[in-house]
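Below is one structure; the comments refer to it alone.
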Amino acid sequence: MALLSVKDLVIEFRLSKRKNIRAVSGVSFTLNQGETLALVGESGSGKTTTALSLMRLLPNNGAITSGEIIYAGKDVVNAPDERLRRLRWKEIAIIFQGAMNALNPVLTIEKQIVEVIMLHEDISEIQARERAVELIKRVEIDPKRLDQYPHEFSGGMRQRVMIAMALACNPKIIIGDEPTTALDVMVQAQIFELLETLKKEMSLSMILITHDLSILGDICDKVAVMYAGQIVEYGDVQSIYCDPKHPYTEKLLSSYPVIGGKRGIPDSIPGLSPDMAEDFQGCRFEPRCHKALEICKTLPPLRTCGENHQYLCHLEGD
Ligand SMILES: Nc1ncnc2c1ncn2[C@@H]1O[C@H](COP(=O)(O)OP(=O)(O)OP(=O)(O)O)[C@@H](O)[C@H]1O
Ligand SMILES: [Mg+2]
């Protein structure tokens, strides 16, 4: 049984009395223990919204309107508050988008980690401090630095602190929402290396959200490519990298070129993602697709190729 399984998830936001947008439409995926899933796609494709719904942390104007989220065999969509409290941080922890800049500048690193631990666990301050030392070592920071302040830490170090906080209650799943955006490429690679080590040592499962598929190849097992609220391609990392079927995935892969071991400047895909308030009659990517045919103006089928590879497209790949 999968640790987490999401089926036909639909999430809507209320914009005004009469206007709703469907930010996530019919998303399905599974996550097994010890597995890492990459959730990839352009800005606005619904990655953060999907991630937040897994912990039922959607903004007030957002709601899961249909579909299923099952964690460890239990329903999340209608889970009672008591179970949600446990689910958040003790079962699933999230490193929020831009979180490394959200550390409190007037508190030491130790105080901030201790605060998180004490908020969620019924332990004494002394025990929480011991735990903070363990956690900071886990993320490969010298515990001597615990009494320093955030401004004394580099971006990469601050992100390590955020990871330590996410680990505070020994969760089974860590969600990283763009955990390395704004860091330089070398530091990004170090953070991913750390996540990979932690995943193995603690048999964690992870969901990593990113725009940039090229950096995740070594550390993820599965990839879900999102476009305009849907997963348009889903599969094992090898099949997605070596044999992408959806034209959008192809474009995403080629938009972060690797030149002589160095990553080039990303080439954005021409055109804009659609207005999510729209009622879609055809493929959502069709207006931007370099391979579009007349038939693409009708709803595309979900195709399966190989055991663990699916894509939403009229074209049969290549
Ligand atoms: N609170 C909200 N109210 C209304 N619309 C929202 C709200 N939050 C998100 N949306 C909309 O839902 C869609 C998905 O947003 P989401 O933040 O999940 O995208 P994302 O893939 O995480 O993008 P990014 O890469 O920029 O973080 C977007 O169209 C966004 O404008
Ligand atoms: Mg986001």
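The values are calculated or read from the model by the stated rules, or taken from the named source; none is laboratory data. Remember, it's a predicted structure, so these values are computed and weren't measured experimentally. FYI the Cβ positions are ideal-geometry reconstructions off the backbone, even for glycines, and counts take in every protein chain you see. In case anyone asks, the SASA skips ligands and DNA or RNA and just uses the protein heavy atoms, side chains included. Shrake-Rupley method; radii C 1.70, N 1.55, O 1.52, S 1.80 Å.
Structure notes:
- Counted residues, region 53-98 - those being among the β-branched types (V, I, T), over 13 Å from the mean Cα position of the chain (by Cα) and more than 16 Å from ligand 1 (Cβ to nearest atom): 3
- In the set (1) touching a residue at least 40 places away in the same chain (Cβ under 8 Å); (2) surrounded by 18 or more Cβ atoms within 10 Å (Cβ to Cβ); (3) of a type in the set (A, V, I, L, M, F, W, C), V185 fails one condition alone, (2).
- Only one of I269, I265, I231 that is surrounded by fewer than 17 Cβ atoms within 10 Å (Cβ to Cβ) and either assigned to a strand (DSSP E or B) or modelled with pLDDT under 85 (or both): I265
- Yes/no for G34 being assigned to a strand (DSSP E or B), on the phi > 0 side of the Ramachandran plot and either within 16 Å of ligand 2 (Cβ to nearest atom) or out of contact with any helix residue (DSSP H, G or I) (no Cβ under 6 Å at 6 or more places or on another chain) (or both): no
- Looking at I117, I94, I113, just one residue is of a type outside the set (S, T, Y), within 16 Å of ligand 2 (Cβ to nearest atom) and crowded, with 21+ Cβ neighbours inside 10 Å, and that residue is I94.
- Qualifying residue in region 121-128 (condition: on the phi < 0 side of the Ramachandran plot, of a type in the set (A, V, I, L, M, F, W, C) and either open to solvent by less than 10 Å² (accessible area, probe 1.4 Å) or not in a loop (DSSP other than H, G, I, E, B) (or both)): yes
- Answer residue from region 146-181, given it is part of a loop (DSSP other than H, G, I, E, B) and farther than 21 Å from L52 by Cα and is farthest from ligand 1 (Cβ to nearest atom) among those: Q148
- K137 satisfies every condition listed in (1) at positive phi; (2) open to solvent by 50 Å² or more (accessible area, probe 1.4 Å); (3) of a type in the set (D, E, K, R) except (1).
- If you go through region 38-63 and keep only what is away from ligand 2 (no atom under 13 Å from the Cβ) and among the charged types (D, E, K, R), you end up with just R56.
- Residue selected from region 234-249 under the condition within 21 Å of P301 (Cβ to Cβ) and assigned to a helix (DSSP H, G or I), by the criterion most open to solvent (accessible area, probe 1.4 Å): S239
- Looking across region 1-28, the residues that are within 16 Å of ligand 1 (Cβ to nearest atom), of a type in the set (D, E, K, R) and either in contact (Cβ under 8 Å) with a residue 24 or more places away in the chain or surrounded by 14 or more Cβ atoms within 10 Å (Cβ to Cβ) (or both) come down to E12, R14, K19, R22.
- Check on T50, within 14 Å of the chain's Cα centre (by Cα), part of a strand (DSSP E or B) and within 25 Å of Y241 (Cα to Cα): no
- Count of residues meeting criterion [more than 16 Å from ligand 1 (Cβ to nearest atom) and on the phi < 0 side of the Ramachandran plot] in region 201-213: 5
- Residue match in region 42-51 (condition: in contact (Cβ under 8 Å) with a residue 12 or more places away in the chain, more than 15 Å from ligand 1 (Cβ to nearest atom) and not β-branched (V, I, T)): no
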